[in-house]
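The values are calculated or read from the model by the stated rules, or taken from the named source; none is laboratory data. If you're wondering where the values come from, they're calculated on a predicted model, not measured in any experiment. FYI the Cβ positions are ideal-geometry reconstructions off the backbone, even for glycines, and counts take in every protein chain you see. Ligands, DNA and RNA are stripped out before the accessible areas are found, and what is left, the full protein with its side chains, is counted by its heavy atoms. Shrake-Rupley method; radii C 1.70, N 1.55, O 1.52, S 1.80 Å.
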Amino acid sequence: MCGIAGYFGPRNLSDKIISKTLSLMKNRGPDSKGFYKLNFRNKSLYLFHSRLKIIDLSNNANQPFFYNRNILIYNGEIYNYLEIKKKLQKIGYKFKTTSDTEVVLLSYLHFGERCVDHFEGMWAFAIWDDTKKKLFLSRDRFGEKPLFYSRKNKEFIFGSETKLVQSLSNFKFNINEKLIKKKLGIW
């Protein structure tokens with residue numbers, strides 16, 4: 001289990017918010033943690049990650065993971081990553097790690113958003129595509145790996161836990177108990 005979170009909006013996050021968010025992620029991945037900040041069109045993009053090392057135990061697979069200015073933060077496991085890796089190697093891609101993390105990012109670079117059609121597993125990830133200047137998020141088909149998000153006040157915030165989204169927000173979340181009861185059929 002790893003932790004991911006991100007912020008895209010007009011604010012520059014304080015060191016206090018950055019530190020708090022990384023601290024809140026520790027339970028999801030104690031082996032490494034990091035973040036990356038990018039300025040783009042008068043907005044800031046922050047990508048946060050905490051890692052639990054499972055497949056590739058080296059630090060080379062730590063995240064945020066970079067490949068030619070493209071950046072990935074990822075939580076999950078792609079069960080068929082070795083098959084996908086062989087296909088990409090035949091096409092000419094070179095790999096620096098033995099991780100499924102690198103396979104996810106290179107799959108995106110080759111297949112685009114349709115990369116998820118090739119994945120068997122559970123995942124939640126965010127990729128900054130530097131060529132297209134676009135942030136792409138995906139969650140597995142069944143939602144085994146959570147991905148919560150909020151859009152408010154020209155800000156887009158996401159995370160693998162609601163507390164991460166809240167830590168990056170400058171507003172208070174309100175719980176709509178009526179809607180929850182309605183959805184659960186408790187009227």
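Within the assembled protein chains, the solvent-accessible surface assigned to Y81 is about 30 Å², based on a 1.4 Å probe. Rounded to the nearest 0.05, the FRET efficiency derived from the C-beta distance between K181 and L82 at R0 = 41 Å is 0.35. Over the chain, DSSP H runs of length four or greater, each weighted -39,500 (n - 2.57), average out per residue to a 222 nm ellipticity of -7500 deg cm²/dmol. When F156, F148 are compared by accessible area of protein heavy atoms, the largest-first order is F148, F156, using a 1.4 Å probe. In order along segment 33-39, phi translates into HN-Hα couplings of 8, x, 8, 9, 10, 9, 9 Hz, rounded to whole numbers, per the Karplus curve 6.51 cos²θ - 1.76 cosθ + 1.60 with θ = phi - 60° and x for Gly and Pro. Of the accessible area of the chain, computed with a 1.4 Å probe over protein heavy atoms only, carbon and sulfur atoms account for 51 percent.
For segment 14-108, the share of alpha carbon pairs falling in successive 10 Å distance bins from zero is 14, 44, 30, 11, 1 percent.
Couplings 3J(HN,Hα) of segment 116-130, computed from phi: 5, 5, 8, 8, 10, x, 10, 7, 8, 8, 9, 10, 8, 8, 6 Hz, in residue order, whole Hz [Karplus 6.51 cos²θ - 1.76 cosθ + 1.60, θ = phi - 60°; x for Gly and Pro]. Our coupling estimate for segment 151-162, obtained by passing each phi through the Karplus curve with A = 6.51, B = -1.76, C = 1.60 and θ = phi - 60°, is 10, 7, 6, 6, 10, 10, 10, 9, x, 7, 9, 5 Hz, Gly and Pro reported as x.
Take F111: with every protein chain present and a 1.4 Å probe, its accessible area is about 60 Å². Here segment 1-67 and segment 114-130 have alpha carbon centers that stand 17 Å from each other.
Under 5 Å from the amide H of G121 lie the amide H atoms of Y79, each residue being 5 or more positions distant or on a separate chain, with H modelled from the backbone and absent for Pro and chain starts. A Förster radius of 41 Å, combined with the Cβ-Cβ distance separating R69 from N174, puts the computed FRET efficiency at roughly 0.60.
Loop-located GluC sites (Glu not before Pro) across segment 100-168 with a Cβ neighbour count of 14 or fewer within 10 Å are E120, E144, with loop assigned by DSSP.
Could you compute the longest span of the chain free of trypsin sites (Lys or Arg not before Pro) located in DSSP loops and having at most 13 other Cβ atoms within 10 Å, not counting the site residues? Longest site-free region, per DSSP loop and neighbour criteria: 1-40. Entry comment: accessible area of segment 1-91 is 53 Å² per residue, from protein heavy atoms only and a probe of 1.4 Å. Segment I91..F136, full-extension length gain: 13.9 nm, with 0.36 nm per residue of separation and the alpha-carbon distance subtracted.
Across the alpha-carbon atoms of the chain, the computed radius of gyration and Dmax are 17.0, 59 angstrom.
Per-residue SASA remark: D129, around 10 Å² accessible (1.4 Å probe; ligands, DNA and RNA not included).
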